[in-house]
Amino acid sequence: MSESFAQELRAQLAEARAHWARAQAAGDEAEEEFHRDRVAQLRWLAAEYRVAEEE
């Protein structure tokens, strides 16, 4: 995995976490669910690339 891809993935994860936190604070359940799912997707993607790099 290239370093630029890793940096972009980390940036997207930080942004999704921030959106999730704002949605939680605002009590917006639909937005909270969307961003929680996005965080989960990005975490999965990060895990997949780490595994792929080790194989």
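The values are calculated or read from the model by the stated rules, or taken from the named source; none is laboratory data. Quick caveat, the model's predicted, so the values are computed rather than measured. These area figures cover heavy atoms from the full protein model, side chains too; ligands, DNA and RNA do not enter into them. Shrake-Rupley method; radii C 1.70, N 1.55, O 1.52, S 1.80 Å.
Residues are listed down the side, and each one gets a yes or a no for (1) modelled with pLDDT of 95 or more; (2) assigned to a helix (DSSP H, G or I); (3) open to solvent by less than 70 Å² (accessible area, probe 1.4 Å):
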{"residue": "GLN12", "(1), (2), (3)": "no, yes, yes"}
{"residue": "GLU15", "(1), (2), (3)": "yes, yes, no"}
{"residue": "HIS19", "(1), (2), (3)": "yes, yes, yes"}
{"residue": "ARG38", "(1), (2), (3)": "yes, yes, no"}
{"residue": "TRP44", "(1), (2), (3)": "no, yes, no"}
{"residue": "ALA47", "(1), (2), (3)": "no, yes, yes"}
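Give the number of residues within the stretch 20-48 that are of a type in the set (Asp, Glu) and more than 14 Å from the chain's Cα centre (by Cα).
Adding up the residues that qualify gives 3.
What is the one condition in (1) open to solvent by less than 90 Å² (accessible area, probe 1.4 Å); (2) modelled with pLDDT of 90 or more that GLU29 does not satisfy?
For GLU29, the failing item is (1).
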